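Inspection log for the structure reproduced underneath, given as structure tokens.
The values are calculated or read from the model by the stated rules, or taken from the named source; none is laboratory data. Because the structure is predicted, anything quoted here is derived from the model rather than measured. Here the Cβ is made from the backbone with ideal geometry for all residues, glycine too, and neighbour counts use every protein chain on show.
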Amino acid sequence: MTLSSRTIQVKGRSTEVLTAGQEEPLVFLHGGGIVEGFDCFAPLAGRFTVTAPLLPGYGGTELDPPLAGCERVVENVRDVLDVLGIERTVLVGHSIGGWLAATFAARFPRRVTELVLAAPFGMDVPEHPLPDMMAMSPAERLGALTNDQSIWEGRLPTGPDPAFEAARAREGQSLMRFLPGTHDPGLPGILSSISAPTLLLWGEDDKTIPAGHADAWHKALPHASVKMFPATGHLLFHERPDALAAIVEFVESSRA
């Protein structure tokens, strides 16, 4: 099974949404890049209706009008869910999407049944600094994102590809509009207000957002558990199918 694409209008913005399944909703908020695709989430469609809205500037979602700051992006996520008729959902976020998911759960607590944060961005952990991805070569960036380089097979151009480069440039424009820098100074102050049961997932060999950040998140979240994955990089859902099983187990156990 693959996730199917459709376009919806959200306050005048054409927005691409990927979906699969016919069960209770699970919404996935993606990270700063989407080259790796979303098909790894298809196995969850047997338990949930998986919905992955693409952020402004990503895929078929229009970049403009601008959304400046995390709060505006989170409000846009709320507006997308309103259009889709999703009142309450299991909310999963990866990397930058984890930061957005945590902020959403703090801002709109009644709309999140369970929260899953996979290697989320946003905390300031000086002893585990983030790498300067922009200073890396393209090959170095790919290596920093995952231990499994087969993930990129068939997803990267073998020569000049203006459309591919334009898509990546739009994603970069979008990030520059709402990222606060290397971390979100206001994040620790809102995490303590999250009421949803929360699961943190992290690859122990994450070179993009080091696993040393997991402890800071765990201490800041009032209702969180942590599951670490040995020999796993940043794209843990693509590297480890059992990370998806961990989501199902977490949701079932939190309701038992």
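Is it true that some residue in the stretch 7-18 is surrounded by fewer than 19 Cβ atoms within 10 Å (Cβ to Cβ), in contact with a Lys or Arg (Cβ under 8 Å, 6 or more places away or on another chain) and not hydrophobic (A, V, I, L, M, F, W, C)? Yes, the stretch 7-18 contains at least one residue that is surrounded by fewer than 19 Cβ atoms within 10 Å (Cβ to Cβ), in contact with a Lys or Arg (Cβ under 8 Å, 6 or more places away or on another chain) and not hydrophobic (A, V, I, L, M, F, W, C).
Taking the condition among the hydroxyl-bearing types (Ser, Thr, Tyr), farther than 30 Å from Ala68 by Cβ, free of Cβ contacts under 8 Å to residues at least 12 places away in the same chain and outside any strand (DSSP E or B), does Thr158 pass? Yes; evaluated as a whole, the condition is true for this residue.
Okay, residues lined up against (1) part of a loop (DSSP other than H, G, I, E, B); (2) on the phi > 0 side of the Ramachandran plot:
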position: Val116; (1), (2): no, no
position: Met123; (1), (2): yes, no
position: Gly154; (1), (2): yes, yes
position: Ala169; (1), (2): no, no
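Counting the residues of the stretch 190-220 that are in contact (Cβ under 8 Å) with a residue 40 or more places away in the chain and touching a helix residue (DSSP H, G or I) at 6+ places or on another chain (Cβ under 7 Å) gives 15. Across the stretch 224-252, the qualifying residues are those that are assigned to a helix (DSSP H, G or I) and either at pLDDT below 95 or among the aliphatic types (A, V, I, L, M) (or both), and the one among them that is surrounded by the fewest Cβ atoms within 10 Å (Cβ to Cβ) is Ala245. Among the residues of the stretch 216-226, none qualifies, meaning not one is under 28 Å from Gly59 (Cβ atoms), hydrophobic (A, V, I, L, M, F, W, C) and in contact with a Ser or Thr (Cβ under 6 Å, 6 or more places away or on another chain).
Inside the stretch 204-223, residues that are over 20 Å from Gln149 (Cβ atoms), charged (D, E, K, R) and part of a loop (DSSP other than H, G, I, E, B) make up a count of 0.
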